[in-house]
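The values are calculated or read from the model by the stated rules, or taken from the named source; none is laboratory data. This structure is a prediction, so every number in the text was calculated from the model and none was measured. Cβ sites come from the backbone with ideal geometry, for glycine too, and all protein chains shown count toward neighbours.
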Amino acid sequence: MSPDDKINGLTTLSARHGEMIARLSEAQSDVAAKQVALQMAVRFVAGILRGIDSDHYRHQLGGFLAMLEDALTRDDPDSDLARRVLDTVKSTLEPEEDEEA
């Protein structure tokens, strides 16, 4: 392989690398936007559920969180992503100390 062939190959690779980085960046932005939207939706639903019957909400919450944990960890019990999702949902749905007083 001649030096010109090597340079042409590296040039092609570099051009594709930039394109892939751009695609990865777009995908990451899309995931971040979806995550924010999901968190807003969970908070909205949690607010409605708390307003309906707070005692019933607290009673049912443990069961719902257990089902969610089972669904998230079924395929990979040690998944860091599943743990982070579960922790985020728990912190959003569980009543704050100020609300209980």
Tally up the residues in the stretch 1-60 that are aliphatic (A, V, I, L, M) and not in a helix (DSSP H, G or I), please.
1
Quick check: is even one residue across the stretch 80-87 of a type outside the set (Ser, Thr, Tyr) and either touching a residue at least 24 places away in the same chain (Cβ under 8 Å) or in contact with a Phe, Trp or Tyr (Cβ under 9 Å, 6 or more places away or on another chain) (or both)?
no
Looking at the stretch 64-101, which of the residues that are at pLDDT 80 or above, out of contact with any Ser or Thr (no Cβ under 7 Å at 6 or more places or on another chain) and among the hydroxyl-bearing types (Ser, Thr, Tyr) is surrounded by the most Cβ atoms within 10 Å (Cβ to Cβ)?
88
Residues within the stretch 11-20 that are at pLDDT below 85 and aliphatic (A, V, I, L, M), tallied
2
The stretch 50-60, residues that are surrounded by 10 or more Cβ atoms within 10 Å (Cβ to Cβ) and either over 12 Å from residue 92 (Cα atoms) or at pLDDT 80 or above (or both)
53, 54, 56, 57, 58, 59, 60
